[in-house]
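A.B. asks: Dumping the structure here so I can ask a few things about it.
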Amino acid sequence: MISKNNLFQVNLQFGRGSLNKTGEEIKAYGDNALIVPAKNSMKRLGFLDKLIEILESEKINSTVFEKVEQNPTVEEVDEGIKLARDNNCNLIIGIGGGSSIDTAKGIAIGATHFNEDISTIWDFVTIDEKRGAQITNKILPTVAITSTSGTGSHVTPYSVITNKKTHEKPGIYSPYIVPTLSIVDINIVSSMPKELTAVTGFDALCHAMESFVAIGEHPISDLYALKSVELISENLDKAYNNGDDINARTNMALADTLAGLAISTSRSVLPHSMAHSISGHYPMVQHGMALACITLQVMKFNLESNDSKITVEKYAKIAELFGKKGTDKKELALKSIEAILEIQEKIGIQKTLSDLPIDKGKIEIMTNDAFRIMKSGIERNPRKAEKSDVIKIYEESF
Ligand code: NZQ
Ligand code: MN
């Protein structure tokens, strides 16, 4: 039976120079914007000034909130909410990677939902028994201009925020969080340096693979997921080796968008649940890098002693998209692990947790956090994972 899935519609402007064509449309959503750029790069590369110029030409007033770090925190989002409220902003524009877009989404929520009982973005988080405050269509319109090709945040109903005090990194979910307008300008994503191209591209690959193998039947998002795997298998190393390869950049941006749509419907599974615990405790660890360190071990776990025909067939399909061949399905499925290792080697991220500043002593608490905070991802993993399994996977990832 097909499980209940939401299919989201996205208002997408995709292509080279697409940012230049959007001023008039943005004007329809508001005339007093808060811009949330990646802290340094968007200014340095000239994209922030370009955006301000486009807004000015449409007589849209703007204030810039230049505080977003990678893995954005509750404090950063709350500060942005205050600024948006103090300036009566009626539109929030994120220009940057997932961190900037997620912050913009969080600000858009807080700017219109605060009241006597709700005074921080953390009030919208659901963890353990605590239910997050309801998000309604009062949310401010958001424009998401992505500068990376990985998180899919420009099309997803999630905003991922880190609590520095508790080391928790949950996703806030609401259908209203999907951006009002999503802009993918290939000129912007083409500015990513090599390492960022690698880690973000790997994140997109994880979204595509995880949503595809997730328990349940999701025939529509599977189309997105498989196309995304195919595009990444053909283009990630090209985009990594030659950042000016516009065709490869375009295909990676498309893969990112499709994989974002896939996780919007069928979600991510065990690797993401584990990766969020890593960055929750170690915010200096990039999301895609955390995934790079654990994904192969999770794939081994999912395929080892798993005779689920469906799981084997799904991983065999992924292997095939990476050009692997095998005489039987199980053999082919196991080759998906080989294929992921090969792509990691090609783009310089064949890493383990030992390469990161991570203390093995944190494994138990990271495991507990994964089960508390990202439980639904564990429940949808194609092989049932107990806490002892997750501890073992973390250990084997060192
Ligand atoms: O601070 P600066 O110097 O500007 O550097 C930025 C940023 O700090 C730099 N950067 C971004 N675009 C660039 C660029 N540098 C040069 N050229 C460009 N075009 O890269 C640094 C990292 O950016 P960040 O936004 O943190 O990376 P990413 O796009 O990977 O986003 C990661 C965040 O998104 C969340 C992650 O957990 C993490 O917090 N995710 C959001 C999801 C969602 N909303 O649906 C789903 C994902 O699974 C993920 O959890
Ligand atoms: Mn991700």
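Taken together, the values in this text are just the output of simple stated rules run on the coordinates, not laboratory data. The structure displayed is predicted, hence computed values, not measured ones. So basically every Cβ, Gly included, is an ideal-geometry build from the backbone, and we count neighbours across all protein chains shown.
A.B. asks: Could you give the nm distance between label points at GLU116 and ASN87, where each point is 7 Å from its Cα heading toward the beta carbon?
C.D. replies: With each label point 7 Å from Cα toward Cβ, the separation is 3.1 nm.
A.B. asks: Considering only DSSP beta bridges with both partners in the chain, what is the antiparallel share in %, to the nearest 5? Before the final figure, lay out the partial values.
C.D. replies: On the way: 5 of 28 bridges.
Percentage antiparallel, nearest 5: 20.
A.B. asks: Order by neighbour count: LYS330, LYS169, fewest other Cβ atoms within 10 Å first, most last.
C.D. replies: Fewest-to-most Cβ neighbours within 10 Å comes out as LYS330, LYS169.
A.B. asks: I need the trypsin sites (Lys or Arg not before Pro) found in the range 133-201, filtered to DSSP loop residues with at most 15 other beta carbons within 10 Å of theirs.
C.D. replies: Hits after loop and neighbour filter: LYS138, LYS164, LYS165.
A.B. asks: Right, here's the next one. For the range 12-189, give me the percentage of DSSP beta bridges that are antiparallel, rounded to the nearest 5 percent.
C.D. replies: Antiparallel bridges make up about 20 percent of those DSSP assigns within the range 12-189.
A.B. asks: Same structure again: Can you run the Rg to Rh ratio on the range 47-95? Use alpha carbon positions and the Kirkwood inverse-distance Rh.
C.D. replies: Result for the range 47-95 is an Rg/Rh of 0.99.
A.B. asks: Mind pulling the per residue volume of the convex hull built on the Cα atoms of the chain? Å³ is fine. Display every interim value, and only then the final one.
C.D. replies: Working: hull volume 49.3 nm³, N = 398.
Value for the chain: 124 Å³ per residue.
A.B. asks: In deg cm²/dmol, rounded to 500, what helix-only [θ] at 222 nm does the chain give when every DSSP H run of at least 4 residues adds -39500 (n - 2.57) and the total is split over its residues?
C.D. replies: Details: 16 runs with 203 residues, N = 398.
Per the formula, -16000 deg cm²/dmol.
A.B. asks: Per the Kirkwood treatment, what hydrodynamic radius in Å, one decimal, follows for the range 194-396 from the mean inverse distance over all distinct Cα pairs?
C.D. replies: 16.7
A.B. asks: Please work out the FRET efficiency for the pair LYS346 and GLU129, using the Cβ-Cβ distance as r and a Förster radius of 45 Å; give the result to the nearest 0.05. Kindly include the intermediate steps, with their values, before the conclusion.
C.D. replies: Details: r = 45 Å, r/R0 = 1.00.
It comes out at approximately 0.50.
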